[in-house]
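Peer 1: Just passing along the structure, written as structure tokens.
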Amino acid sequence: MRLSKSKLIGLAALLVAFALIAGTLVWRNSRPKPVEITSVDGYLGGEKIGLFDDPQFNALAAKDGLKVDYRKAGSLDMMTADRKGLDYLFPSSRAAVDYGKAKGVDTSTSDIVFNSPIVMYTHKAVADALVGSGIMSRANGVYTMDMSKAVAAMSANKTWGDVGWPSGYGQFRIDSTDPIKSNSGNEYAALVAATLNGGQPATVASIQRDAPALTSIFGKSGWMETSSEDSFNQFLTLGVGSKPIMVGYESQILDLAANNPDAWKQVKDDIVIAYPTPTVWSTHVLIPTNAKGQKLLALLKKPETQKLAWERHGFRSANFTGASSITRFGVPGTLDQITAVAELPRNDAMQSLIEVLTKGTQQ
Amino acid sequence: MAAKSLMKGFAVGAVLAAVMTLGSCFGTTPPGKANPAPSPNLQTFTPANGSSSATLSIASGSENGEVSNAIQKASDESGVAITMHYMGSLDIMNALEQGGSSYDAVWPASSMWISMGDTKHIVKDAASTSTTPIVFGVAQSKAMALGWAKPDGSTRPVSTSEVMDAVKAKQLKFSMTSATQSNSGASAYLAFLTALSGKQQALSVAELNDPALQASAKTLLSGVDRSSGSSDWLKDMVVSDPGRVDAMVNYESLVIAANRQLTGNGHDPLLAVYPSDGIAISDSPLGYVDRGQKLDGAFAKFAKALHSKESQKLFEQAGRRTGLGGTLANPNDAGVKSAFRADWGINAKPDALKAIAMPSADVISKALDLYQTALRKPSYTIWVVDYSGSMGGNGGRDGVVKGLNAALDPAQAKRSMIQPAPNDVNVFIPFDSSPQNDTVAKGTDTGAILDRANALEAGGGTDIYSALDKAIRELPADLSQYTTAIVAMTDGHSETGSRDSFMSHYRALKDKPPIFSIMFGDADPSQLEDLAGTSNAKVFDGRNGNLASVFRTVKGYN
């Protein structure tokens, strides 16, 4: 049979197309195979965003074939939020993990990744005034806050003038994030509850007994942010009149000094970090919800990630110390070793505390 | 949470707002220039070099129109084009609750609205762009007469109860945005309550329920002579009729903007007065909205450029503070000095800002509810509505019925926090070639107006002026008891035979109410702009959108 001219052209075109496809396949197979990149997404406490946004961290992740994404959420809030399609939860305390467990979150593969102590951020004028009235002390350049005196002053509805700082507006208060939703506020609430219980970890009974005092102390703050990152930023932005003292993590000021030298320069002569005595540890625990989350956990536990997290973002390792002295950050008044530490209450007491404070906001 | 469900209903749906403004999105903008917005709710910015890598659509408070220089600069530097959708802070919260609508970023006046709205955890990297306190801008002569200012323009701190006393003694009236529609009004109102409670701590529900506090707040708010749904428009209104207003409550940055216009036109400035016992501060956060649209890279570039030293200087030149702790980062810059002028009463020192502790979300929502239903000054609104023949064919009549229901039906209006209160008055005057009888509804039962609006058929010609003439004859004898407004809705070109007599009657009024208008169908913009110009009001464009949402918005202005 004879092929017509047009059919010949058609056949030739087909052959060329085959050749192109075959050639492409051969060429493709001859190239080195790229690392398969897995995206991992989950709920992240806001104070760790600086780390997760850090290009150096992202480079370490890429080496392990991970692209790390996140959604900002409060440590307690994330335990009851919709987890569909998410690979991890990364709250900031063991209490939050226990709370999650009680709410049905599988925490069996969770592990401690970082630690950071709860601290108070304030301004020089306020700190020095409180040293004058004995609520704070200063030794070797380190400010500490006597929790029992601070709680007593708040329970007695002392004004800022009463505690030595007449320029303050209204009653002496310590602002925190919402203790019902966010970890730093929640741990601070546990610390206040322990202080009201004579320094012993709070119990369901002591919390019920001290409910009016707890409600009154947290009632002084009114509006509370749900993220420690937002509250720290507002502390910096709004100034001493709005937020005279704010609860936060030690890592936050270290992160600011390391990553935002311009902002640090503006505030370093005024901002004071004060360690409460006692304080509580904020323990950053990663809860993987699947195999992808477990890969992220492995990445976070690697020595080079731990070193990066300390040197660039101020997170202490699982054993409560940094890989090098804290003086590397150039933040005055910081401590390498923290000795006065209170225990967090058991989960039933923590739940009771959340209940009391939830009721308190509705009065 | 009780707060959540209450707050959900705020103001006009952001989705509708977006749809309404879509029609004006497609104009071409010269490179490197901000488009002077065919719609006042929309403004586009393209990078100076003409090519943009991406476009970010930002839901923003109206006050950010004042920092367009900084936005343009950041767009130039980052190569990212920006579309600003201006709306109330409360609409922004609504949009977040609905999953972010079609926005790539949010930029409300206060973090509060992000915190309350971001129930789906979609906002990332929110950071304050600048701060500005909410202050009283008091006419210079008035501030001197009250003993609040010296001849050099400097002012002394004034307590909220002193303001209340001046109101009580009929020595002071002031204009302020609606607390349920705009952040500046909400923040000022919460600061008033906190200060008047005398407790110097965050307001609680128990204090809010205290009849004595409610009585004080009511007295203070009785000094409100004009309301508004937007902070920026409040400023425009004050500037376009200098001498009428004793004072406005607004952002310090908008007092500065007003003064530049006032003094530029040869008028006296407003002097900034800082309440000594409680002030609210706007922190203007910009945050990315992650809807999976992968514009986070473009957002990061734009946000970085907006936080650059050069951009921050432009913010300060526009009257915002960008230093940490409420300070100025560029106090010695000539442009910044020309904004923060001591002879305008401006005190750039952060210790002038006696910030209140903001109440908790529950208290905020209860306080706003109380504002709308009990504490605000009653409103007297006359609805002058076109029922001419053309309204039957173009969907106008049905739109009007829906619109009146959206604004006046207590249950529907409550969702937008514009519901009628016991002392409010609404008057309905339908018209065609002449006005028909009026229907008056006092208090929360607006059924008579809604039933009549629903029963009327469209027919006849269009003469808006004779209807307005009737409206001003319906005004109460003592206007001081109300914030008063006329809302005129029309779809056509009006006959003009009665225009001149109406205008002369209007000009002869001692207290001249604003005549807001809603433009629909073939309405003549020049006739409505003329009414708005004469009465220092505003034209709302209902031609592209849904009339229900426009009626709701207009109600938010009174």
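Peer 1: Can you name every residue in region A:66-79 that is surrounded by 14 or more Cβ atoms within 10 Å (Cβ to Cβ) and more than 10 Å from every other protein chain (Cβ to nearest Cβ)? So that I can check it myself, show each step before the final result.
Peer 2: Step one: filter region A:66-79 for residues surrounded by 14 or more Cβ atoms within 10 Å (Cβ to Cβ), giving A:66, A:68-79.
The answer is A:66, A:68, A:75, A:76, A:79.
Peer 1: Here are the criteria: (1) closer than 19 Å to residue A:100 by Cβ; (2) out of contact with any helix residue (DSSP H, G or I) (no Cβ under 9 Å at 6 or more places or on another chain); (3) not in a helix (DSSP H, G or I). Tell me which single one residue A:292 does not satisfy.
Peer 2: Here residue A:292 clears every test but (3).
Peer 1: Here's something else I'd like to know. What's the number of the condition residue B:362 fails, among (1) away from every other protein chain (no Cβ under 12 Å); (2) surrounded by fewer than 24 Cβ atoms within 10 Å (Cβ to Cβ)?
Peer 2: The number of the failed condition is (1).
Peer 1: Yes or no: residue B:418 surrounded by 22 or more Cβ atoms within 10 Å (Cβ to Cβ), among the β-branched types (Val, Ile, Thr) and at pLDDT 95 or above?
Peer 2: Details: surrounded by 22 or more Cβ atoms within 10 Å (Cβ to Cβ): yes; among the β-branched types (Val, Ile, Thr): yes; at pLDDT 95 or above: no.
So residue B:418 does not fit the description; no.
Peer 1: Another one. So which of B:218, B:235 is closer than 22 Å to residue B:171 by Cα, surrounded by 24 or more Cβ atoms within 10 Å (Cβ to Cβ) and not hydrophobic (A, V, I, L, M, F, W, C)?
Peer 2: Selected residue: B:235, the only one of B:218, B:235 that is closer than 22 Å to residue B:171 by Cα, surrounded by 24 or more Cβ atoms within 10 Å (Cβ to Cβ) and not hydrophobic (A, V, I, L, M, F, W, C).
Peer 1: Going by the conditions given, is residue B:119 among the polar types (S, T, N, Q) and either touching a Ser or Thr at 6+ places or on another chain (Cβ under 7 Å) or modelled with pLDDT of 95 or more (or both)?
Peer 2: Numbers: among the polar types (S, T, N, Q): yes; either touching a Ser or Thr at 6+ places or on another chain (Cβ under 7 Å) or modelled with pLDDT of 95 or more (or both): no.
Against the criterion (among the polar types (S, T, N, Q) and either touching a Ser or Thr at 6+ places or on another chain (Cβ under 7 Å) or modelled with pLDDT of 95 or more (or both)), residue B:119 does not qualify.
Peer 1: When only residues in region A:153-171 that are of a type in the set (Gly, Ala, Ser) and out of contact with any Gly (no Cβ under 6 Å at 6 or more places or on another chain) count, which is nearest to residue B:278 (Cα to Cα)? Let's see the steps before the verdict.
Peer 2: Here is the first cut: in region A:153-171, the residues of a type in the set (Gly, Ala, Ser) are A:153, A:155-156, A:161, A:164, A:167-168, A:170.
Imposing the further condition that a residue be out of contact with any Gly (no Cβ under 6 Å at 6 or more places or on another chain) reduces the set to A:153, A:155-156, A:161, A:167-168, A:170.
Working: A:153: 23, A:155: 23, A:156: 22, A:161: 16, A:167: 13, A:168: 11, A:170: 10 Å.
Across region A:153-171, the extreme among qualifying residues is A:170.
Peer 1: Is it the case that residue B:191 is of a type in the set (Gly, Ala, Ser), closer than 24 Å to residue B:367 by Cβ and within 14 Å of chain A (Cβ to nearest Cβ)?
Peer 2: Details: of a type in the set (Gly, Ala, Ser): yes; closer than 24 Å to residue B:367 by Cβ: yes; within 14 Å of chain A (Cβ to nearest Cβ): yes.
Yes: the conditions hold for residue B:191.
Peer 1: For region A:61-113, give me the residue count where each residue is over 15 Å from the mean Cα position of the chain (by Cα), over 24 Å from residue B:124 (Cβ atoms) and assigned to a strand (DSSP E or B).
Peer 2: 1
Peer 1: To continue, here is another question. Out of region A:215-228, which residues are more than 9 Å from chain B (Cβ to nearest Cβ) and more than 20 Å from residue A:163 (Cα to Cα)?
Peer 2: Listed by number, the residues that qualify are A:215, A:228.
Peer 1: Another question, if that's okay. Considering only region B:69-108, how many residues are aliphatic (A, V, I, L, M), within 21 Å of residue B:232 (Cα to Cα), touching a strand residue (DSSP E or B) at 6+ places or on another chain (Cβ under 9 Å) and at pLDDT 95 or above?
Peer 2: 5
Peer 1: For residues that are buried (at least 21 other Cβ atoms within 10 Å of the Cβ) and either part of a loop (DSSP other than H, G, I, E, B) or hydrophobic (A, V, I, L, M, F, W, C) (or both), tally how many sit in region B:546-558. Full working, then the answer.
Peer 2: Going residue by residue through region B:546-558, those that are buried (at least 21 other Cβ atoms within 10 Å of the Cβ) are B:547-558.
If we keep only those that are either part of a loop (DSSP other than H, G, I, E, B) or hydrophobic (A, V, I, L, M, F, W, C) (or both) as well, we get B:547-548, B:550-551, B:554, B:556-558.
Here the count works out to 8.
Peer 1: Collect the residues in region A:196-213 that are part of a helix (DSSP H, G or I) and either free of Cβ contacts under 8 Å to residues at least 40 places away in the same chain or surrounded by fewer than 24 Cβ atoms within 10 Å (Cβ to Cβ) (or both), keeping them in residue-number order.
Peer 2: Going through region A:196-213, the residues part of a helix (DSSP H, G or I) turn out to be A:196, A:204-209, A:211-213.
Passing the criteria: A:196, A:204, A:205, A:206, A:208, A:209, A:211, A:212, A:213.
Peer 1: Within region B:43-140, considering only helices (runs of 4 or more DSSP H) that don't extend past its boundaries, which have at least 2 residues that are within 13 Å of chain A (Cβ to nearest Cβ) and buried (at least 24 other Cβ atoms within 10 Å of the Cβ)? Steps first, answer last, please.
Peer 2: Working: elements: B:68-78, B:89-97, B:111-117.
By residue number, B:111-117.
Peer 1: Additional query: Mind checking which residues of region A:120-136 are in contact with a helix residue (DSSP H, G or I) (Cβ under 9 Å, 6 or more places away or on another chain) and surrounded by fewer than 16 Cβ atoms within 10 Å (Cβ to Cβ)?
Peer 2: A:133, A:134
Peer 1: Looking at region A:266-277, can you tell me whether even one residue there is over 17 Å from residue A:93 (Cβ atoms), within 14 Å of another protein chain (Cβ to nearest Cβ), assigned to a helix (DSSP H, G or I) and out of contact with any Asp or Glu (no Cβ under 7 Å at 6 or more places or on another chain)? Please lay out each step first, then the result.
Peer 2: Restricting attention to region A:266-277, the residues satisfying the condition of being over 17 Å from residue A:93 (Cβ atoms) are A:266-275, A:277.
Okay, now just the ones that are also within 14 Å of another protein chain (Cβ to nearest Cβ), so A:266-272.
Next, from what is left, pick out any that are assigned to a helix (DSSP H, G or I): A:266-267.
Cutting the leftovers down to out of contact with any Asp or Glu (no Cβ under 7 Å at 6 or more places or on another chain) gives us A:266-267.
Yes: region A:266-277 contains one or more residues that are over 17 Å from residue A:93 (Cβ atoms), within 14 Å of another protein chain (Cβ to nearest Cβ), assigned to a helix (DSSP H, G or I) and out of contact with any Asp or Glu (no Cβ under 7 Å at 6 or more places or on another chain).
Peer 1: Which condition breaks for residue B:508 when tested against (1) closer than 18 Å to residue B:383 by Cα; (2) out of contact with any His (no Cβ under 9 Å at 6 or more places or on another chain)?
Peer 2: (1)
Peer 1: Could you grab me the full set of residues in region B:201-252 that are under 20 Å from residue B:161 (Cα atoms), in contact (Cβ under 8 Å) with a residue 60 or more places away in the chain and within 14 Å of chain A (Cβ to nearest Cβ)?
Peer 2: Listed by number, the residues that qualify are B:201, B:202, B:203, B:204, B:208.
Peer 1: Can you tell me how many residues in region A:233-248 are touching a Gly at 6+ places or on another chain (Cβ under 8 Å) and either more than 14 Å from chain B (Cβ to nearest Cβ) or assigned to a helix (DSSP H, G or I) (or both)?
Peer 2: So the answer is 5.
Peer 1: Those residues that are in a loop (DSSP other than H, G, I, E, B) and polar (S, T, N, Q), I need them from region A:168-183; list them, please.
Peer 2: Across region A:168-183, the qualifying residues are A:176, A:177, A:182.
Yes or no, residue by residue, for (1) β-branched (Val, Ile, Thr); (2) without any contact (Cβ under 8 Å) to a residue 60 or more places away in the chain; (3) touching a helix residue (DSSP H, G or I) at 6+ places or on another chain (Cβ under 9 Å):
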site	(1), (2), (3)
B:444	yes, yes, yes
B:448	no, yes, no
B:452	no, yes, no
B:476	no, no, no
B:490	yes, no, yes
B:501	no, yes, yes
B:504	no, yes, no
B:522	no, no, yes
B:525	no, yes, no
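Peer 1: With the requirement that a residue be crowded, with 19+ Cβ neighbours inside 10 Å and either within 14 Å of chain A (Cβ to nearest Cβ) or among the small types (Gly, Ala, Ser) (or both), what does region B:365-378 give you?
Peer 2: B:365, B:366, B:367, B:368 - these are the residues of region B:365-378 that are crowded, with 19+ Cβ neighbours inside 10 Å and either within 14 Å of chain A (Cβ to nearest Cβ) or among the small types (Gly, Ala, Ser) (or both).
Peer 1: Name every residue in region B:310-359 that is among the hydrophobic types (A, V, I, L, M, F, W, C), facing chain A (nearest Cβ under 9 Å) and not in a helix (DSSP H, G or I), in order of residue number.
Peer 2: Across region B:310-359, the qualifying residues are B:329, B:353, B:355, B:356, B:357, B:358.
Peer 1: Being surrounded by fewer than 23 Cβ atoms within 10 Å (Cβ to Cβ) and more than 21 Å from residue B:46 (Cβ to Cβ) is the filter here; which residues of region B:295-323 pass it?
Peer 2: Result: B:309, B:312, B:313, B:317, B:323.
Peer 1: Which one is surrounded by the most Cβ atoms within 10 Å (Cβ to Cβ), of the residues in region A:239-257 that are within 18 Å of residue B:127 (Cα to Cα) and touching a Lys or Arg at 6+ places or on another chain (Cβ under 8 Å)?
Peer 2: Initial filter on region A:239-257 (within 18 Å of residue B:127 (Cα to Cα)): A:239, A:242-243, A:246, A:248, A:252-253, A:255-257.
Checking the rest, the ones that are also touching a Lys or Arg at 6+ places or on another chain (Cβ under 8 Å) come to A:255, A:257.
Numbers: A:255: 26, A:257: 21.
The residue in question is A:255.
The values are calculated or read from the model by the stated rules, or taken from the named source; none is laboratory data. Here the structure is a predicted model, which means the values were calculated and not measured. As a convention, Cβ positions derive from the backbone with ideal geometry for all residues, glycine included, and neighbour counts pool all protein chains shown.
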